[in-house]
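We did not get these values from a lab; they are worked out from the coordinates using the rules stated. On a predicted model such as this, the values are computed, not experimentally measured, just so you know. Glycine gets a Cβ as well: all are built from the backbone with ideal geometry, and neighbour counts include every protein chain shown.
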Amino acid sequence: MRLDGIHHITAVTADARRNVEFYTGVLGLRLVKKTVNQDDPTVYHLFYADEAGSPGADLTFFEYPGTPRGRAGAGMVHRIAWRVGSGDALEFWASRLRDAGVETAREAGGVRFEDPEGLGLELRISEVGDAPLTGAHPEIPAAVALRGFDGVRAYAVNPERSQPFLEDTLGFAPIARGQFEIRGPRRGGLYAYDPAPGRGVAGAGTVHHVAWSCEMAEHAAWRERLARAGAHVTPVIDRFYFRSIYFREPSGVLFEIATLGPGFATDESPEHLGESLSLPPKFEPLRTELERVLTPLPSPRPWARTSAGRDSR
């Protein structure tokens with residue numbers, strides 16, 4: 001069994017409207033699913049990805065309105081890296097982000113910046129052979145668009161504690177001190193540690209968990225493997241769009257293993273992903289109540305001809 005790179009990364013926002021405007025309007029991702037947190041359906045769960053809503057490009061947010069800004073610390077992911085295809089792409093993004101009022105820091109092969117709530121982000125030139133996972137935006141040529149996740153960086157007090165678990169249980173390969181790669185049949189992703197600045201505080205602008213991809217047929221076997229390794233792993237949870245198990249790796253970062261499917265087209269046509277509030281069947285009886293309490297959102301694609309050109313839930 002091999003995990004197939006990153007499935008999705010989930011973070012927290014206090015402001016869904018600004019979140020939509022930044023990730024669709026500035027970064028050019030597609031809002032592919034507008035649904036609710038299945039553990040707390042009174043708040044959004046927003047999914048941004050490429051045009052098809054593919055695992056490997058899927059950044060998601062829980063909205064908790066009014067929650068204070070958090071601070072990444074030990075046992076938390078503090079930076080998310082996307083792939084781009086060239087130095088020209090980095091130049092494009094440095095200019096575009098600057099024009100949007102976003103401060104950037106250049107380094108060899110990359111550009112670092114933060115989202116409006118302080119979530120650490122990075123664009124890195126990548127030459128891996130994985131298929132590029134891109135969104136469509138009229139101001140962003142396909143050649144320079146974001147191409148899916150490259151990896152994540154986490155804070156750890158003692159990352160050596162995690163190495164046997166990552167390698168022997170999950171199949172990560174070490175590539176440098178404190179840096180690992182996981183690669184499956186379709187995709188790969190990087191996972192790395194940095195020294196922890198202290199304890200973190202969960203809140204807006206922090207990562208909740210990172211999910212890794214697996215085949216549906218292997219999901220139960222992954223749970224058994226984790227349990228045999230001594231991980232405190234949840235039962236399999238049916239999230240309707242995929243199935244999930246959750247556990248913490250030894251450095252404290254919350255991991256999920258999520259299945260490659262059924263996918264976001266389960267209840268919406270691919271052409272109209274993310275345009276309406278989607279609810280798994282067990283939450284459908286709550287639709288009227290939820291539409292009343294959820295934050296009205298701006299159109300994620302004001303340039304496109306859709307049936308929802310105005311604010312919608």
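Laid out as a table, the results:
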{"item": "Proximal charge balance of PRO174 [Cβ under 12 Å; K/R count +1, D/E count -1]", "result": "-3"}
{"item": "Neighbourhood net charge (10 Å Cβ-Cβ; Lys/Arg +1, Asp/Glu -1) for ASP150", "result": "+1"}
{"item": "Residues ASP40 and THR295, FRET efficiency given R0 of 22 Å [Cβ-Cβ distance, rounded to 0.05]", "result": "0.95"}
{"item": "MRE, 222 nm, helices only [DSSP H, n ≥ 4, -39500 (n - 2.57), over the chain, to nearest 500]", "result": "-3000 deg cm²/dmol"}
{"item": "Charge sum, other residues only, whose C-beta stays under 15 Å from GLY129's C-beta, Lys/Arg counted +1 and Asp/Glu -1", "result": "0"}
{"item": "Ordering of 270-276, 227-233 by burial proxy (mean other Cβ atoms within 10 Å per residue, highest first)", "result": "270-276, 227-233"}
{"item": "For the range 175-313, diffusion coefficient by Stokes-Einstein and Kirkwood Rh (Cα), 10 °C, 1.306 mPa s, µm²/s", "result": "86 µm²/s"}
{"item": "Per-pair calculated FRET efficiency, R0 = 22 Å: ILE237 and HIS272 via Cβ, rounded to 0.05", "result": "0.25"}
{"item": "Cα-centred dipole magnitude for the chain, charges only on beta-carbon of K, R (+1) and D, E (-1), debye, nearest 20", "result": "340 debye"}
{"item": "Order of LEU294, LEU46 under a 10 Å beta carbon neighbour criterion, fewest first", "result": "LEU294, LEU46"}
{"item": "Linear extension gain, ARG228 paired with ARG112, 0.36 nm per residue minus alpha-carbon span", "result": "37.9 nm"}
{"item": "Matching label, Cα Rg over 2.2 N^0.38 Å computed from the structure shown, candidates [x] 1.01; [y] 0.95; [z] 1.16", "result": "[y]"}
{"item": "Highest-MSF residue in the chain out of ILE175, ILE257, ILE125 [GNM, Cα springs under 10 Å]", "result": "ILE175"}
{"item": "Given charges at Cβ of Lys, Arg, Asp, Glu: the chain dipole, positive-most of ASN19, ALA74, LEU286", "result": "ALA74"}
{"item": "Top of GLY184, GLY109, GLY70 by mean-square fluctuation, Gaussian network on the chain, Cα under 10 Å", "result": "GLY109"}
{"item": "DSSP bridge orientation in the chain - percent antiparallel, rounded to nearest 5", "result": "65 percent"}
